[in-house]
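Working notes, structure below.
What follows is calculated from the coordinates using simple rules that are stated; it is not laboratory data. Since the model is a prediction, treat every value here as computed from it, not as a measurement. Here the Cβ positions follow ideal geometry from the backbone for every residue, glycine too, while neighbour counts run over all protein chains shown.
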Amino acid sequence: MLTARCEALRAQGRRALVCYATAGHPDPDRSVALWQGLESAGADVLEVGVPFSDPMADGPVIQASSQAALEHGVTLDTTLGLVARAKLGIPVVLFSYLNPILAAGSDVLRRAADAGVHGLLVTDLPVGSDPEREAWLGGGPLDFVRLVAPTTPRARMAEIARHGRGFVYLISRLGVTGVSDTLPSDLPQTIAQLRGVCSLPICVGFGISRPEHARAVGAHADGIVVGSAIVRAAGRSVDEAVALTRSLRSALDAPAA
Amino acid sequence: MATREMTDGRFGVFGGRYVPETLVPALDELEAALDAALADPAFHAELNSMLQHYVGRPSTLCDAPRFSELVGAPVWLKREDLNHTGAHKINNALAQALLARRMGKRRIIAETGAGQHGVATATVCARLGLECVVYMGEEDMRRQRLNVYRMRLMGATVVPVTAGTRTLKDATTEAIRDWVTTCPTSHYIIGSVVGPAPYPRMVRDFQAIIGREARAQMLERAGRLPRSVVACVGGGSNAMGIFHAFVDDADVELIGVEAAGHGLDSGAHSASLTRGTPGVLHGALMYLLQDANGQVHPAHSISAGLDYPGVGPEHSYLKDSGRGTYVSVTDEQALEGFGLLGRLEGIIPALESAHAVAWIASQKGRWAADEPVLLCVSGRGDKDVAQVSELAEEAT
């Protein structure tokens, strides 16, 4: 469903709006309301973050949301329960560090699919790092989405693209997740370089927080991923996060000036 | 040999490179630079010269007559506490800083627990003219105020880490976040045999000088190899450093002493090998203190340098293969060990090393009178005197 959804959007010439939210943040009940609100505001894909105690690729906003979720007792299985409760019509991608997945047991992919999850993204399992576990994660019922970084050499981009499913997640800049004022000036070139070796849709994340970012990146990529900005807004209120998503949607859909 | 790193960066099933994609090219670059440096006689010449003249190597092998009498077997002390900056940490920090300079990286990142690795890194950065940023948990900054001051005196920036348990684990996570952001221009000097490949083997190889010297010194002074080599294990760099030269000596026991904190059943300890299960943290698969959901369980030890929920992948491998034996002692026992070596030998060990002292002291009768025991005194206890005296005052 993830691949189909991404390709259908691409065929329509529509840019994908991928929204990230940490499971159980601000609390489990509001988490479900938030996801439903994001869908109604025009999200095409929902990335659900599995809280982890040591999120080394995350900046302060997502760290704090992860910590809050852990304090609410949210686990990978609680996360799946919330996904099932939300009954979303858009594809759901689990966004996790490897250790909670390993601890969840060998049938975790089946349990996730049964709960309504379509894809999986693992922050700390780069392509080639553990062929056995990568084959396990990629060989199950979920689309295993892989990441490309600004430091990734061109030959490795091609290798990552070969292993990816659903879409390729391009990290826009060096560093951890978090909002930025500006986008890297060489981002269009990086996207073009990746496009040259990759037939999957390309979604760009990290640092995209404002409608003008959405518009700028949408001019080059197939979609955008917005995380910290939504999580920060959701920390204030679900309505604020939904309003932000609506404004990102309009910016993304606005005809190019 | 079985303990050597496999070609894919693993020790058996342990180790690996579980990192964000951004760091993969940085680790490839580091590995290539490391292998080129190790093959370059000029690198070794500069490193060895600085180890001799700046660090003060070789460190001595010292007999311990009164402690030996207590134990009932001759105990030999490998005196890493006598190195410049007072611990074994400088062996690795110096070598990695020279490597960073070769790679053209002028900014150095480090994490520190007790502060010994931070001090060692700040020291070599001052000497080589490199910028130095050290991440340290707020709780550890409180426990090790003196080391914070020492780092700042030498021009390092010490960044307090307020996340999580505010100890070594969180400092390491924060250092990795810095490196993900700055890897094209910064080198991250990890202080122990942990982290993604090639760090565990690199740090081991830079610490292996401890065991190479000690093995030769034992043959010369004691006329034989030790029956047992004993070292404390947090991440495990002094232990891996002294064990490495003895791994092929089948008759030599390798014994790592972990921190049992308030007791193994208290839930407040750092005994990853004794009580942990395999898991992934900070880029490697290793024995890890974690709950059933794969969340990392906070470690505890009276000694900031052992206060870490993971342990080097090579130790994880040595445990599973049976080549290494891993035991543990509590905070209370470690404090006894701290006082004991001072009273009997006039040597105040670091609280970390005091764990190894305490375990040997608890094993009277384990060794025959002609079976030598080699103990790694990984650091000196000056840094711990204030903390221990405060604890003593609280107790009275």
Legend entry - For B:246, B:43, order by how many other beta-carbon atoms lie within 10 Å, fewest first: B:43, B:246
Inset, instruction - Return the distance in nm (one decimal) between the two label points of a simple spin-label model at residue B:220 and residue B:250, each offset 7 Å from Cα along Cα→Cβ. - result: 2.9
Legend entry - Burial ordering of B:303, A:129, A:247, fewest other beta-carbon atoms within 10 Å first: A:247, A:129, B:303
Legend entry - the range B:151-197 shape via C-alpha gyration tensor axes, a/c threshold 1.5: rounded
Legend entry - Computed P(r) (all Cα pairs; the range B:201-319; 5 Å bins; percent): 2, 12, 21, 21, 17, 12, 8, 4, 2, 0, 0
Legend entry - In the range B:25-79, trypsin sites (Lys or Arg not before Pro) in a DSSP loop with at most 15 other beta-carbon atoms within 10 Å: none
Legend entry - Charge dipole of chain A about the Cα centre (unit charges at C-beta), most positive-ward option of A:57, A:199, A:81: A:199
Inset, instruction - Please report, in cubic angstrom per residue, the volume enclosed by the convex hull of the alpha-carbon atoms of the protein assembly as shown. - result: 148
Legend entry - For the range B:247-371: relative contact order, % (alpha-carbon pairs under 8 angstrom, 6 or more apart): 26
Legend entry - q = 0.07, 0.08, 0.10 Å⁻¹: log10 I(q)/I(0) that the Debye formula gives for chain B, counting C-alpha atoms only: -0.27, -0.36, -0.57
Inset, instruction - For the protein assembly as shown, just give the cysteines left without a disulfide-compatible partner, judged by no other Cys Cβ under 4.7 Å. - result: A:6, A:19, A:198, A:203, B:62, B:183, B:232, B:376
Inset, instruction - Between residue A:30 and residue B:266, take the C-beta separation as r, use R0 = 30 Å, and let me know the FRET efficiency to the nearest 0.05. - result: 0.25
Legend entry - Gain upon complete extension [residue B:157, residue B:343; 0.36 nm per residue less C-alpha separation]: 63.3 nm
Legend entry - Loop sites in the range B:89-196: trypsin sites (Lys or Arg not before Pro), DSSP, at most 16 other Cβ within 10 Å: B:106
Inset, instruction - Quick one: what are the phi-derived ³J(HN,Hα) couplings along the range B:129-141, Karplus 6.51/-1.76/1.60 with θ = phi - 60°, whole Hz, x for glycine and proline? - result: x, 9, 6, 9, 10, 10, 8, 9, x, 4, 5, 5, 4
Inset, instruction - Taking the Cβ of residue A:244 as the centre, find all other residues whose Cβ is under 11 Å away and add up their charges (Lys, Arg: +1; Asp, Glu: -1). - result: +3
Inset, instruction - Just tell me which aspartates and glutamates come within less than 20 Å, Cα to Cα, of residue A:87; anything on the same chain fewer than 8 places away is out. - result: A:27, A:29, A:39, A:44, A:47, A:77, A:114, A:143, A:239
Legend entry - chain B: calculated mean residue ellipticity at 222 nm from DSSP helix runs of at least 4, using -39500 (n - 2.57): -13000 deg cm²/dmol
Inset, instruction - Pairs of Cα atoms under 8 Å, at least six residues apart: use those to get the relative contact order of chain A, whole percent. - result: 24
Inset, instruction - Enter the mean projected area of the convex hull around the alpha-carbon atoms of the range A:78-232, in nm², rounded to one decimal. - result: 9.4
Legend entry - Peptide-level mean, for A:124-133, of C-beta atoms on other protein chains within 10 Å: 6
Legend entry - In sequence order, calculated HN-Hα J values of the range B:236-251 (Karplus, 6.51, -1.76, 1.60; Hz; x Gly/Pro): x, 6, 5, 5, 5, x, 7, 5, 3, 6, 9, 4, 7, 8, 4, 7
Inset, instruction - May I ask for the Rg/Rh ratio of the range B:261-363, computed from Cα atoms with Rh as the Kirkwood radius, given to two decimals? - result: 1.01
Legend entry - Point-charge dipole on Cβ atoms (K/R +1, D/E -1) for chain B, about Cα centre, debye to 20: 720
Inset, instruction - Could you please rank B:136, A:157, A:1, A:56, placing first whichever residue has the fewest other Cβ atoms within 10 Å of its Cβ? - result: A:1, A:157, A:56, B:136
Inset, instruction - Could you pull out every residue, at least 5 positions away or on a different chain, whose amide H is within less than 5 Å of the one on residue B:111? Hs are placed 1.01 Å off N in the peptide plane, and Pro or chain starts have none. - result: B:135, B:191
Inset, instruction - Would you mind giving the mean number of other chain beta-carbons within 10 Å of the Cβ of each residue in B:284-297, as a whole number? - result: 4
Inset, instruction - Between residue A:181 and residue B:106, take the C-beta separation as r, use R0 = 35 Å, and let me know the FRET efficiency to the nearest 0.05. - result: 0.85
Inset, instruction - Rank B:282, A:141, B:301 by how far each Cα sits towards the positive end of the charge dipole of the protein assembly as shown (+1 on Lys, Arg Cβ; -1 on Asp, Glu Cβ) and give me just the farthest. - result: A:141
Inset, instruction - Beyond 19 Å, what share of the Cα-Cα pairs of the range B:49-169 is found? Please give it as a whole percent. - result: 53
Legend entry - Local net charge near residue A:12, Cβ-Cβ under 13 Å (Lys/Arg +1, Asp/Glu -1): 0
Inset, instruction - Rounded to the nearest 500, what is the 222 nm mean residue ellipticity of chain A from helices alone, with -39500 (n - 2.57) per DSSP H run of 4+ residues and division by all residues? - result: -14000 deg cm²/dmol
Legend entry - Two-decimal ratio, the range B:37-120, of alpha-carbon radius of gyration to 2.2 N^0.38 Å: 1.38
Legend entry - Number of partner chain Cβ atoms within 10 Å, mean per residue of A:160-173: 1
Inset, instruction - Between beta-carbons, use under 10 Å as the cut-off and find the net charge around residue B:112, counting Lys and Arg +1, Asp and Glu -1. - result: -1
Inset, instruction - Could you pull out the trypsin sites (Lys or Arg not before Pro) across the range A:43-126 that fall in loop regions by DSSP (anything but H, G, I, E, B) with no more than 14 other Cβ atoms inside 10 Å? - result: A:87
Inset, instruction - Given a cut-off of 22 Å, name the pairs among B:78/B:105; B:78/B:364; B:169/B:383 whose C-alpha atoms lie farther apart than that in the structure shown. - result: B:78/B:105
Inset, instruction - For an R0 of 51 angstrom, estimate the FRET efficiency from the Cβ-Cβ distance between residue B:336 and residue A:106 and round to the nearest 0.05. - result: 0.65
